[in-house]
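Scroll down for the structure; my scribbles are underneath it.
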Amino acid sequence: MEKLKFSYGWLLKWIIAAILIGVGITMVFVSSIVFFVTGLFLVIFSIFRVVPLLKTLKKEALRLVNLVEIVVDVIIGGLLLYVGIRAMVDPTTLTSVWSYVYGFSIVLVLLGRGIIFFYSTTFLGEKTEQIKFWSHVVVLLLGSAITVLTFQNTFSDRVVAVFILILCFLGAGYMIYDGFKGYQKYRITQKSLNVTPKPKAKKEHTTIKEVPDKPQKPKPEKEQPTTPVPQPQPEKEKEQPIVN
């Protein structure tokens with residue numbers, strides 16, 4: 001049996017992208033889903049960061065301040081979840097009062113996050129990065145703007161629904177693109193599975209003949225230099241004395 005060499009994660013990403021687009025469009029027309037999604041996000045965002053956050057904070061004061069923020073966010077998220085579920089059953093539940101509650105709930109979450117961040121970095125010595133600093137400046141400005149709009153009765157869940165719809169389209173677009181790349185890899189792997197391998201050519205059985213070793217020629221012995229034998233030289237004839 002062939003091993004699973006590819007993943008079906010691309011299919012899951014496309015399904016989630018379709019759900020994101022559908023929920024985003026529905027939220028613009030159904031206010032109860034806005035309450036439900038906002039509350040669910042706050043609950044998930046708060047609960048799943050408790051342990052990592054508290055474990056990495058060094059000071060007890062930092063842990064206490066962030067824990068208070070998490071508890072408040074969970075309470076607000078639970079309230080919005082409750083209102084959203086009730087509004088799905090009975091749409092008349094969502095009166096104008098709940099629009100004010102929704103607006104001030106968002107304000108409390110945003111302003112609370114910004115104030116706690118700057119308090120932690122200024123008075124409790126928590127180091128941070130530039131991008132986190134500027135992002136929390138934006139959070140404070142956004143919370144202040146929503147406060148003014150809520151008091152003027154011009155902020156409603158529809159504004160948040162449009163914002164979430166934009167996020168849904170961005171997230172869905174990314175997941176569709178990422179799923180497309182995964183599908184391409186899936187098809188390449190599937191193609192390789194359907195290719196019939198070419199039969200390998202059989203190797204002919206060849207006998208290896210042993211070649212006899214060539215007889216080694218005896219190495220010529222080095223001739224030792226012979227010293228010339230001195231030959232006896234002929235004696236010179238003695239000169240006869242001349243007799244006068």
For this session: Rounded to whole Hz and in sequence order, give me ³J(HN,Hα) for region 110-115 from the Karplus expression 6.51 cos²θ - 1.76 cosθ + 1.60, θ = phi - 60°, writing x for Gly and Pro.
Result: 5, 5, x, 5, x, 5
Exercise. According to a simple spin-label model (label point 7 Å from Cα along Cα-to-Cβ), what is the distance in nm between Tyr8 and Ile166?
Worked result: 3.7
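Reported to two decimal places, what Rg/Rh ratio describes region 1-106 when computed on Cα atoms with Rh from the Kirkwood expression? Don't jump to the answer; show the numbers that get you there.
Details: Rg = 18.9 Å, Rh = 16.5 Å.
Radius of gyration over Kirkwood radius for region 1-106 works out to 1.15.
R0 = 41 Å: FRET efficiency of Ala145 with Asn194, Cβ-based, nearest 0.05?
Values: r = 58 Å, r/R0 = 1.42.
Step by step, r from the Cβ atoms, then E = 0.10.
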Exercise. For region 31-168, what are the per-bin percents of Cα-Cα distances with bins 5 Å wide, up to the bin holding the maximum?
Worked result: 2, 10, 17, 21, 21, 13, 9, 5, 2, 0
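Using the Cα atoms of region 19-76 to build a convex hull, what is its mean projected area in square nanometres? List each step's numbers first, then the result.
Working: hull surface 18.7 nm².
Seen from a random direction, the Cα hull of region 19-76 projects 4.7 nm² on average.
Give me the extension gain from Val97 to Ile131: residue separation times 0.36 nm, minus the current Cα-Cα distance, reported in nm with one decimal.
Values: separation 34, 0.36 × 34 = 12.24 nm, distance 3.65 nm.
Between Val97 and Ile131, full extension yields 8.6 nm more.
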Exercise. For labels at Leu124 and Gln184 in the simple 7 Å Cα→Cβ model, what's the distance in nm?
Worked result: 4.6
Exercise. Given Cα pairs under 8 Å that are at least 6 residues apart, what percent is the relative contact order of region 31-168?
Worked result: 30
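Starting from 0.36 nm per residue, how many nanometres of slack lie between Lys55 and Leu40 once their C-alpha separation is accounted for? Intermediate results must be reported in sequence, preceding the final value.
Values: separation 15, 0.36 × 15 = 5.40 nm, distance 2.41 nm.
3.0 nm is the gain from fully extending Lys55 to Leu40.
A short reminder: the numbers here are calculations on the coordinates, not readings from a lab. Since the structure is predicted, the reported quantities are computational estimates derived from the model, not experimental observations. We place every Cβ from the backbone using ideal geometry, glycine too, and count neighbours over all the protein chains shown.
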